[in-house]
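Notes for the one structure printed next.
The values are calculated or read from the model by the stated rules, or taken from the named source; none is laboratory data. No experiment lies behind these values; they were computed from the predicted model shown. All Cβ positions, even for glycine, are placed from backbone atoms using ideal geometry, and neighbour counts span all protein chains on display.
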């Protein structure tokens, strides 16, 4: 709007160009008096009009640069609700809830995509022309609801129709103030299988870990396939520079032929190291994975290119050539009466007793993820996502600290830690969310009443541009006419 100050320029030019009167001696003015007065009066009016038009033109350009809008608040009594569906699988969603959706549309509720931007569309036109797309939408329902909460008033009815697929619910459950009615269904294509991981075993066979997902959960199975049987009904083994396996015609998965190299630095905790090594021996026997475990008590003896280094020491960790580092966290020990909980529910049915732990101090500068925690919710094993992943353990493997060494679940907990992420295909994950977890947290405080009201915004830039062009055309026309009159005079 500072550009509006430019209106002083036409005023300065107008007064600067005013000429002083001159006396012209002539014989007689009897025939010129009336014509001269009219022409002088006409020129004065046109110059003032030009001044106003030029000031107005500058104001219009200044307003155009400020992107003018007109905000309209619809009458709350006349305002209808929103009917919302995803672009993906829209035809199937509509078929599932056709009577309800048709009834809402007949009552003049607006249709909006449940997608970024919440675009308004004509549902009848879409249903005629748009075919279903089943490509997975990466946007989380929770994040979309958070955005929706910022765009609609608390009193606006929102009718949302989606699947109850668990893969669409990622992140934290939001707290919203939305008048929401959410209808969900289980998609018809609800069973899938894929090859999650494959590696070379100690018996030189190929272990295939397959996953089967349905609405109730995802289960993993393994089978060992010898090189001799390279083709079966379900999988095909492709040999060459890189061995790969194609499962039921899906994208081939490269076979991991490497040996997992693990070094345990014992320092003052040789008994702890023995328990950890025993867990890895059990893992090797169960998984038939190629695993090489070394024990050292001098950090200079740690071999290069290790996949894992377990630093069972209170000393600071030096520069180590390792893919992952598991370290004892140093600090004040405290006695607790709790248990160890992991990310996987498989081992929570037989919780591990926790007797002592290092006092947890939050790190504001580290990007951490909790892997294990105690019964109070405090982190017990944190993953620091740095150049080399570092696992900070706020306890010890000694039986006086916890019962990890005596728990049958200990090898499984360590196996989940070192095996890495399974080859997960998100679009094939068909688990559904539990009904009690489906809804967001609805706000019951003053936020529900003080949310901004729904405002419809109309962009006026085009109108101001047309007005500026019209004023410019009128100004040029009058300016040309004034110039011609002065010339004739």
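One line per residue, one yes/no per condition, for (1) outside the structural domain of residue 196 (by TED's automatic domain parsing); (2) under 27 Å from residue 192 (Cβ atoms); (3) in contact (Cβ under 8 Å) with a residue 60 or more places away in the chain:
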site	(1), (2), (3)
236	no, yes, no
280	yes, no, yes
291	yes, no, no
295	yes, no, no
304	yes, no, no
309	yes, no, no
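Given the residues 126, 58, 101, 105, which is the only one that is free of Cβ contacts under 8 Å to residues at least 24 places away in the same chain and touching a helix residue (DSSP H, G or I) at 6+ places or on another chain (Cβ under 8 Å)?
Details: 126 fails: free of Cβ contacts under 8 Å to residues at least 24 places away in the same chain; 58 fails: free of Cβ contacts under 8 Å to residues at least 24 places away in the same chain; 101 fails: free of Cβ contacts under 8 Å to residues at least 24 places away in the same chain.
Residue meeting the stated conditions: 105.
This table checks each residue for (1) farther than 30 Å from residue 395 by Cβ; (2) surrounded by fewer than 17 Cβ atoms within 10 Å (Cβ to Cβ).
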{"site": "226", "(1), (2)": "yes, yes"}
{"site": "231", "(1), (2)": "yes, yes"}
{"site": "239", "(1), (2)": "yes, yes"}
{"site": "245", "(1), (2)": "yes, no"}
{"site": "250", "(1), (2)": "yes, yes"}
{"site": "255", "(1), (2)": "yes, no"}
{"site": "261", "(1), (2)": "no, no"}
{"site": "286", "(1), (2)": "no, yes"}
{"site": "289", "(1), (2)": "no, no"}
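The one condition from (1) more than 25 Å from residue 149 (Cα to Cα); (2) crowded, with 18+ Cβ neighbours inside 10 Å that residue 85 does not meet is (1).
Residue pairs whose Cβ atoms lie under 8 Å apart, separated by 6 or more positions or on different chains, with the first residue in the range 365-377 and more than 12 Å from residue 390 (Cα to Cα) and assigned by TED's automatic domain parsing to the domain that holds residue 353 and the second part of a strand (DSSP E or B) and at pLDDT below 85, are 372/342.
Set side by side, the residues 175, 167 differ, and just one is within 28 Å of the chain's Cα centre (by Cα), closer than 30 Å to residue 110 by Cα and surrounded by fewer than 19 Cβ atoms within 10 Å (Cβ to Cβ), which is 175.
Conditions tested, residue by residue: (1) surrounded by fewer than 11 Cβ atoms within 10 Å (Cβ to Cβ); (2) modelled with pLDDT under 95.
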residue	(1), (2)
311	no, no
316	yes, yes
320	no, yes
333	no, yes
353	no, yes
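On the basis of being in a helix (DSSP H, G or I), touching a strand residue (DSSP E or B) at 6+ places or on another chain (Cβ under 7 Å) and surrounded by 17 or more Cβ atoms within 10 Å (Cβ to Cβ), does residue 280 make the cut? Give the steps one after another, and end with the answer.
Details: in a helix (DSSP H, G or I): yes; touching a strand residue (DSSP E or B) at 6+ places or on another chain (Cβ under 7 Å): yes; surrounded by 17 or more Cβ atoms within 10 Å (Cβ to Cβ): yes.
When the stated conditions are applied, residue 280 passes them.
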